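The values are calculated or read from the model by the stated rules, or taken from the named source; none is laboratory data. Keep in mind it's a predicted model, so treat the numbers as computed, not measured. Ideal geometry is used to build each Cβ from the backbone, glycine not excepted, and the neighbour counts take in all protein chains shown. Ligands, DNA and RNA are excluded from the accessible area calculation, which covers all protein heavy atoms including side chains. Shrake-Rupley method; radii C 1.70, N 1.55, O 1.52, S 1.80 Å.
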Amino acid sequence: NGVSAKEMFSSLGGSGKVSIIGGSYAGLDVPYEVRRVHAMLNNKAMPKKTQPPHTDFNSLAMNFKINNALLSTNDILIQAPDYKVTGEGKANLVSSQLDLLLSAYSNNDKNFFVPIKITGNFADPSIKPDVAVMLEHTVKKVVKDVIQDRLGKQIENLPQGIRDILPF
């Protein structure tokens, strides 16, 4: 009746949940990007790309809301044998644009943390480390280490209210 797909989808609304057990997302290799950023930060050899790019996972879960064709979520959880990814973001279902902030963690190294920004078109998104979050994380860790090193046991003698606001 003369209604374009864009007009039809632009009024989409609702909510839902995604839960996938054992899957793979073609075109995007999150584990490679995490290994690449980790290698850059630690002056290690660059990993080899997976061809074709894909992200295998044991489970993927998220709740989402759609308002005027803008899908939003704040509880992405991807789990695999060696890593997990949490995150939040938006996807415009009309313009096919992504804007996701993810945090990747190693299941084998509690100090391993890589924040990732995914933006752009669904078909060819840009994946980059979130430098601002990495810097914030690094500064907090340095401050924590310095305070703990210099103050040691003295921190335990501080009132609980003060200890609660310390960044560690």
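Here are the numbers for the structure shown:
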read-out	value
DSSP-loop trypsin sites (Lys or Arg not before Pro) across region 75-164, with at most 11 other Cβ within 10 angstrom	K110
Average accessible surface area per residue within region 1-94, 1.4 Å rolling probe, Å²	64
Helix axis angle, 30-41 relative to the chain longest principal axis, alpha carbon, degrees	40
Dipole-positive endmost among Q160, N74, M62 within the chain (Cβ charges, Cα centre)	Q160
Of (1) 20.5; (2) 22.9; (3) 18.6, the label for Kirkwood radius over Cα pairs in Å derived from the coordinates	(3)
Computed magnitude of the charge dipole of region 17-61 (debye, nearest 20; Cβ of K, R +1, Cβ of D, E -1)	140
The chain: angle of helix 131-151 to the longest principal axis, Cα-based, in degrees nearest 10	20
Per DSSP, loop chymotrypsin sites (Phe, Trp or Tyr not before Pro) in region 70-133 with at most 16 further Cβ within 10 Å	F112, F122
Helical contribution to [θ] at 222 nm, DSSP H n ≥ 4, -39,500 (n - 2.57), averaged over the chain, rounded to 500	-8000 deg cm²/dmol
Carbon/sulfur fraction of accessible area - region 26-168, other protein chains in place, 1.4 Å, %	54
